[in-house]
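In what follows, a single structure is set out as structure tokens and then discussed.
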Amino acid sequence: MRRRTALGYGATALGAMGLTLFVGWWRVDGPGAPEAVASLPLPLTEMDFRLTDHEGQPVGPETLVDRPTMVFFGFTFCPDVCPTTLSDISGWLDALGEDAGQMNVVFITVDPDRDTVETMAEYVGYFHPAIRGWTGAQDQIARAAEGFRASYERVPTDGGDYTMNHTASVFLFDAAGRFVSMIDYHEPREFAVPKIRRALEEETEGAT
Amino acid sequence: MTKLTITMLATLTTLALTTGVALAGSEDVVVDDAWARASIGMNRPGAAYMTIRNIGDEAVTLTGISTPLAMMPEIHETTTSAAGVSSMAPAGEITIAPGEAAELAPGGLHAMLMQLQEQMIEGQSFPLTLNFSDGGNVTVEVPILGFAARGPEG
Ligand SMILES: [Cu+2]
């Protein structure tokens, strides 16, 4: 009986979600999509935004200069891509061993309405201890995303809920704040660690 | 003794009613490596993964899923655009050709568990029923792994 009820809800939801999806597709990948801007992230030194980390400390792009940096965008209500990316990053940091301690690793939420400082603190606590969680005002998140050339969009789902489409790549910067490369979501795992090592090495080269 | 037999018969009958009505197709469905991540509280949707294999000689079509764990379970697909933007959408019906498998894995297809009725706790498990177009169902017990799990091995 309970199963039947659940199925009923599912069928109604499927219809409602179909429309939402079509609208979402139209705007994101379909004919309604804005022209893809193939520009690279700005150097961290040219970015300008003010956020708060998961310990309540004020942070900005300047917080990240002087050490190599890894940044990615996501949201804690994300069931699939975000926990997977955080698990992957935790694995890469484990593979880097002690070198991981020389890096800034930051997860910036694109959903600050739900991702408060406390929420971010709880969430990052499940992953590698080097990972910091940043949140803040909507306009500051927007400025951060603009600097990284990342995009995100709130997409309504059934029952007044919503999910977020967002750039899932991981951005790498050297210690001088210059963009080095990015790790795409579907890139084989074995390419990631060498890319991170490259960002770490550019620090050494810059220092000599 | 008699009582036990009756109970067993009743259980078998129930099983026959829920799974046995399947026509040829869904009887030949085998589910491997099911797993899910633990949830933080009950407000966020959960996700479950598995490999659904069709070992028969007719195509089978997965039309939906159900579970007492979530009010709105649905098969979703995550796609990542050329520009690196990830989005998630209901996958619709999934047809599995004979000898083929549908892979539900992170970053692709997943069983999206919306409106959780209970928190998903590591070490526990929950039943998930796959509904097929021939009217048959396959129920699989999904173990709940850690929140940071990456695959069926943890
Ligand atoms: Cu989903």
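The values are calculated or read from the model by the stated rules, or taken from the named source; none is laboratory data. Just so we're clear, the structure is a prediction, and the values are computed from it rather than from any experiment. Methodologically, a virtual Cβ is constructed for each residue, glycine included, from the backbone with ideal geometry; neighbour enumeration extends over all protein chains shown. Quick note on the areas: whole protein, heavy atoms, side chains included, nothing else; ligands and nucleic acids left out. Shrake-Rupley method; radii C 1.70, N 1.55, O 1.52, S 1.80 Å.
Assorted remarks:
- Per residue of B:88-96, other chain Cβ atoms within 10 Å of the residue Cβ number 4 on average.
- Modelled label positions at A:F191 and A:R50, each set 7 Å beyond Cα in the direction of Cβ, lie 3.9 nm from each other.
- If R0 is taken as 41 Å, the Cβ-Cβ distance between A:Q57 and B:S125 corresponds to a FRET efficiency of 0.55.
- Residues whose amide H comes within less than 5 Å of that of A:T163, counting only those at least five positions distant or on another chain, are A:V155, A:T157 (H built at 1.01 Å from N in the peptide plane).
- Rounded to the nearest 10 Å², the accessible area of B:W35 at probe 1.4 Å: 10 Å²
- Distance distribution note for the range A:73-208: the fraction of Cα pairs above 23 angstrom is 35%.
- Estimated distance in nm for a label pair at A:A95 and B:E141, the labels positioned 7 Å out from Cα along Cα-to-Cβ: 3.5 nm
- Shielding by partners, peptide B:106-119 (average Cβ within 10 angstrom, other chains): 3
- Take the accessible area of B alone and of A alone, subtract that of the pair with a 1.4 Å probe, and the total buried over both chains is about 3200 Å².
- At R0 = 22 Å, FRET efficiency that the Cβ-Cβ distance of A:A176 and A:A142 yields, to 0.05: 0.30
- Amide N proximity, the range B:114-143 versus B:D32 label position 7 Å along Cα-to-Cβ, cut-off under 20 Å: B:128, B:130, B:138-143
- FRET efficiency, 1/(1 + (r/R0)^6) with R0 41 Å, evaluated for A:E118 and A:L40 via beta carbons: 0.75
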